[in-house]
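The values are calculated or read from the model by the stated rules, or taken from the named source; none is laboratory data. This one's a predicted model, so the numbers in the text were calculated from it and none came from an experiment. In this analysis, Cβ positions are derived from the backbone assuming ideal geometry, glycine residues included, and neighbour counts consider all displayed protein chains.
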Amino acid sequence: MEKIIIFDTTLRDGEQAPGAAMTSDQKLEVAFQLEKLGVDVIEAGFPIASPGDFKAVSTISRSIKKSAICGLARCLKPDIEAACKSLKSAKHPRIHIFLATSKIHLKYKFKKAEDEILEIARSATRLARKLCADIEFSPEDATRSERDFLFRVIESVIAEGASTINIPDTTGYSYPQEVYSLISDIRENVPNINKAALSIHCHDDLGLATANSLSAVLAGARQVHCTINGIGERAGNASLEEIVMALKTRKDVFSDLYTDINTKNIFNISRLVSSVTGFIVPPNKAIVGKNAFRHESGIHADAVLKKRTTYEIMDPEDIGMGKSQIVLGKHSGRHGLDKRLKDLGFRFNQSQINEIFARFKKLADKKKEVFDDDLIALVEEETRAGRKVYELVSVRVSTGTDIAPEATVKVRHRNKVFEAKSTGDGPVDACFKAIDKITGLSPKLSDYRLEAVTSGRDALGEVNLKLTLKSKVISGRASSTDIIEASLLAYLNAIDKYAA
Ligand code: KIV
Ligand code: ZN
């Protein structure tokens, strides 16, 4: 079995994403979790870039003992010395130096000829190697570099003592076959390549970072640069969770390869990085997105309940995400609803399930997702449904800042529909007065409370109220996404108790 070295650059390339800056304390917290996750190398920052970065690399170097700690440096003496100084307490320090090798960078960024660049790479590696035993060299923009020049640079820096050669697809321009052939060519054409570990560093500008990294692994790269949640410059870097889970899940393709990552910690660190950077994980993000192991559609949910692997290629427990979830929404089927009701401890016969299912579908059309609280409220409605004396048929309300609130309410009572219209102090009051006209009762509203029982803009509102009727106090309760409807239903619920 051969190990794939996981080099995490969340704290360096990840932090370079606009808006992702972390404090030194936050970086340390992430570093502890990266160590717990089992990453081999933590690139903790770019020490020359700012005093904060220097401090973060120093603090992490003092605190982390298992993972190697790496600091980034340009091929400049002050950079390399700052990196070395910041890493002085690290148990396993590594300096990562980089220098662009593509024509476009040479011409516009450096205005230097190839031979000058080669010499800078050589002397920087020599200096870094004097200060640190573990040197990684990255020919920046390698995938857009002239191959012969790239091979020459790699050979020279290995000769100067670089022990890891990292190949960056800096602009995320490459595609998998191209990366495969580049890594293969490096292995074939750089005479001393066996003296160094070959690494890959991909950006996601074309959404190919993970595919390109895996392609490099298939071609013989044995270290992968990646970040948690794929954060990084522009569109980000290859995501650690995708790389690791692809290697684990597709053992048929990546046979004899393994990582030391404890995958059960993936979900926690994903959420930690999201919270410290403020970068929300999209629900459809592979592996760690909220929806990665959730099923709503009836066909999928039904199959997953019968055999999880019909629609899941990984076990969510393997990444510490708990169990797969059947989500209830407008695409859900009866089976999913039935299962959820049972999980919540409800037992219903078939005709009750049919009735609840019909109500559930109506609610699901109004809400994106039906949560457990919604379902409980709905079931409580259902268990009271059989005893209805007055049933709401419809309500129409007009209100505004410059008109008096007016409500027209239709109610079914003993198979006849009654309609009444009323104005009121507010739209709810107008509704209640219209009902009073229909029932002929004039209860006093002694308490009225409206609460959101579920979250989101489409939350279910629950109304609890008390009516006093002929010195009897009766309570009513109902819920709906429409607060007027919830109020009316609660009012009728109380009247029902009186009239029943
Ligand atoms: O994308 C890149 O080229 C880099 C280098 C510093 C390795 O991040
Ligand atoms: Zn990068």
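Run residue 222 past the list (1) in contact (Cβ under 8 Å) with a residue 40 or more places away in the chain; (2) within 14 Å of ligand 1 (Cβ to nearest atom) and report the number of the one that doesn't hold.
Condition (2) is where residue 222 drops out.
Say whether the condition of being away from ligand 1 (no atom under 15 Å from the Cβ), not aliphatic (A, V, I, L, M) and not in a strand (DSSP E or B) is met by at least one residue in the range 5-17.
Checked the range 5-17: no residue is away from ligand 1 (no atom under 15 Å from the Cβ), not aliphatic (A, V, I, L, M) and not in a strand (DSSP E or B).
Which one of 458, 402 is without any contact (Cβ under 8 Å) to a residue 12 or more places away in the chain and among the charged types (D, E, K, R)?
On the way: 458 fails: without any contact (Cβ under 8 Å) to a residue 12 or more places away in the chain.
Checking each option against the conditions leaves just 402.
Can you tell me how many residues in the range 461-500 are within 18 Å of residue 436 (Cβ to Cβ), touching a strand residue (DSSP E or B) at 6+ places or on another chain (Cβ under 7 Å), polar (S, T, N, Q) and free of Cβ contacts under 8 Å to residues at least 60 places away in the same chain?
Selection size over the range 461-500: 3.
Taking the options 240, 272, name whichever one is under 15 Å from the mean Cα position of the chain (by Cα), touching a residue at least 24 places away in the same chain (Cβ under 8 Å), within 16 Å of ligand 2 (Cβ to nearest atom) and on the phi < 0 side of the Ramachandran plot.
Values: 272 fails: within 16 Å of ligand 2 (Cβ to nearest atom).
Unique residue meeting the criteria: 240.
Note down all Cβ pairs under 7 Å where the first residue falls in the range 277-301 and is outside the structural domain of residue 317 (by TED's automatic domain parsing) and without any contact (Cβ under 8 Å) to a residue 24 or more places away in the chain, the second is among the hydrophobic types (A, V, I, L, M, F, W, C) and surrounded by 19 or more Cβ atoms within 10 Å (Cβ to Cβ), and they're at least six residues apart or on different chains.
These pairs meet every condition: 289/281.
From the list 228, 183, which residue is assigned by TED's automatic domain parsing to the domain that holds residue 97 and closer than 22 Å to residue 14 by Cα? Before you say what the answer is, go through the steps one by one.
Values: 183 fails: closer than 22 Å to residue 14 by Cα.
Result: 228 is the single residue among 228, 183 that is assigned by TED's automatic domain parsing to the domain that holds residue 97 and closer than 22 Å to residue 14 by Cα.
From the list 208, 214, 150, which residue is surrounded by 20 or more Cβ atoms within 10 Å (Cβ to Cβ), within 30 Å of residue 279 (Cα to Cα) and more than 16 Å from ligand 2 (Cβ to nearest atom)?
Working: 208 fails: more than 16 Å from ligand 2 (Cβ to nearest atom); 150 fails: within 30 Å of residue 279 (Cα to Cα).
Testing whether each residue is surrounded by 20 or more Cβ atoms within 10 Å (Cβ to Cβ), within 30 Å of residue 279 (Cα to Cα) and more than 16 Å from ligand 2 (Cβ to nearest atom) leaves just 214.
Among the listed residues 318, 260, which satisfies the condition of being touching a helix residue (DSSP H, G or I) at 6+ places or on another chain (Cβ under 7 Å) and surrounded by fewer than 17 Cβ atoms within 10 Å (Cβ to Cβ)?
Details: 260 fails: touching a helix residue (DSSP H, G or I) at 6+ places or on another chain (Cβ under 7 Å).
Answer to the selection: 318.
Applying the selection to the range 344-371, what residues are of a type in the set (Gly, Ala, Ser) and buried (at least 17 other Cβ atoms within 10 Å of the Cβ)?
Quick first cut of the range 344-371, residues of a type in the set (Gly, Ala, Ser) only: 345, 351, 358, 364.
Scanning the range 344-371 gives a single hit, 364.
Here's the yes/no breakdown for (1) part of a helix (DSSP H, G or I); (2) more than 36 Å from the chain's Cα centre (by Cα):
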residue: 82; (1), (2): yes, no
residue: 89; (1), (2): no, no
residue: 95; (1), (2): no, no
residue: 99; (1), (2): no, no
residue: 118; (1), (2): yes, yes
residue: 130; (1), (2): yes, yes
residue: 151; (1), (2): yes, yes
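For the range 18-27, indicate whether the set of residues that are within 16 Å of ligand 2 (Cβ to nearest atom), surrounded by fewer than 24 Cβ atoms within 10 Å (Cβ to Cβ) and part of a loop (DSSP other than H, G, I, E, B) is non-empty.
Yes: one or more hits.
Do we find a residue being within 30 Å of residue 160 (Cα to Cα), more than 16 Å from ligand 1 (Cβ to nearest atom) and surrounded by fewer than 23 Cβ atoms within 10 Å (Cβ to Cβ) anywhere in the range 243-257? Steps first, answer last, please.
Initially, the range 243-257 is screened for residues within 30 Å of residue 160 (Cα to Cα), giving 257.
Cutting the leftovers down to more than 16 Å from ligand 1 (Cβ to nearest atom) gives us 257.
Now restrict to residues that are surrounded by fewer than 23 Cβ atoms within 10 Å (Cβ to Cβ): 257.
Yes, there is a match, as at least one residue in the range 243-257 is within 30 Å of residue 160 (Cα to Cα), more than 16 Å from ligand 1 (Cβ to nearest atom) and surrounded by fewer than 23 Cβ atoms within 10 Å (Cβ to Cβ).
Tell me the residue from 423, 439, 454 that is hydroxyl-bearing (Ser, Thr, Tyr), at pLDDT below 90 and either buried (at least 18 other Cβ atoms within 10 Å of the Cβ) or in contact with a strand residue (DSSP E or B) (Cβ under 7 Å, 6 or more places away or on another chain) (or both), please.
454
Determine which member of the set 42, 5, 69, 117 is more than 28 Å from residue 248 (Cα to Cα) and of a type in the set (Val, Ile, Thr). Reasoning before the result, please.
Values: 42 fails: more than 28 Å from residue 248 (Cα to Cα); 5 fails: more than 28 Å from residue 248 (Cα to Cα); 69 fails: more than 28 Å from residue 248 (Cα to Cα).
After applying the criteria, what remains is 117.
Out of the helices (runs of 4 or more DSSP H) lying entirely within the range 237-346, which hold 2 or more residues that are over 29 Å from residue 4 (Cβ atoms)? Write out each step before concluding.
On the way: elements: 240-249, 266-277, 298-306, 334-343.
Result: 298-306, 334-343.
Given (1) crowded, with 17+ Cβ neighbours inside 10 Å; (2) of a type in the set (A, V, I, L, M, F, W, C); (3) modelled with pLDDT of 90 or more, identify the lone condition not met by residue 478.
Evaluating residue 478 over (1) crowded, with 17+ Cβ neighbours inside 10 Å; (2) of a type in the set (A, V, I, L, M, F, W, C); (3) modelled with pLDDT of 90 or more leaves (3) as the failure.
Sort out which residues of the range 417-446 are under 15 Å from residue 489 (Cα atoms) and in a strand (DSSP E or B), and write them in order of number.
Across the range 417-446, the qualifying residue is only 445.
Looking at 58, 102, can you tell me which residue is small (Gly, Ala, Ser) and touching a residue at least 40 places away in the same chain (Cβ under 8 Å)?
Values: 58 fails: touching a residue at least 40 places away in the same chain (Cβ under 8 Å).
Just a single option satisfies the conditions, and that option is 102.
I'd like to verify a number: residues in the range 55-74 that are in contact with a helix residue (DSSP H, G or I) (Cβ under 7 Å, 6 or more places away or on another chain), among the hydrophobic types (A, V, I, L, M, F, W, C) and within 16 Å of ligand 2 (Cβ to nearest atom), how many?
We begin by selecting, within the range 55-74, every residue in contact with a helix residue (DSSP H, G or I) (Cβ under 7 Å, 6 or more places away or on another chain); these are 55-61, 63-64, 66-67, 69, 71-73.
Those left that are additionally among the hydrophobic types (A, V, I, L, M, F, W, C): 56-57, 60, 64, 69, 72-73.
In the following step, the residues that additionally are within 16 Å of ligand 2 (Cβ to nearest atom) were identified as 72-73.
Of the residues in that region, 2 qualify.
Hey, among 397, 393, 411, which residue is assigned to a strand (DSSP E or B) and exposed (fewer than 14 other Cβ atoms within 10 Å of the Cβ)?
Values: 397 fails: exposed (fewer than 14 other Cβ atoms within 10 Å of the Cβ); 411 fails: exposed (fewer than 14 other Cβ atoms within 10 Å of the Cβ).
After applying the criteria, what remains is 393.
Out of the residues in the range 168-181 meeting the condition of being within 16 Å of ligand 2 (Cβ to nearest atom) and not small (Gly, Ala, Ser), tell me which one is surrounded by the most Cβ atoms within 10 Å (Cβ to Cβ). Spell out the reasoning first.
Filtering the range 168-181 down to residues within 16 Å of ligand 2 (Cβ to nearest atom) leaves 168-174, 179.
Remaining after also requiring not small (Gly, Ala, Ser): 168-171, 173, 179.
Values: 168: 24, 169: 29, 170: 24, 171: 17, 173: 15, 179: 27.
By that ranking, first place goes to 169.
So, in the range 219-235, of the ones that are part of a loop (DSSP other than H, G, I, E, B) and either among the hydrophobic types (A, V, I, L, M, F, W, C) or surrounded by 23 or more Cβ atoms within 10 Å (Cβ to Cβ) (or both), which residue ends up nearest to ligand 2 (Cβ to nearest atom)? I'd like the intermediate steps shown before the answer.
From the range 219-235, those part of a loop (DSSP other than H, G, I, E, B) are 220-222, 231-235; that's our starting set.
Cutting the leftovers down to either among the hydrophobic types (A, V, I, L, M, F, W, C) or surrounded by 23 or more Cβ atoms within 10 Å (Cβ to Cβ) (or both) gives us 221, 231-232, 235.
Working: 221: 15, 231: 11, 232: 6, 235: 11 Å.
Ranking the candidates gives 232 first.
Do the conditions hold for residue 203, that is, is it touching a Cys at 6+ places or on another chain (Cβ under 9 Å) and within 16 Å of ligand 2 (Cβ to nearest atom)?
On the way: touching a Cys at 6+ places or on another chain (Cβ under 9 Å): no; within 16 Å of ligand 2 (Cβ to nearest atom): yes.
Taking the combined requirement at face value, the residue does not satisfy it.
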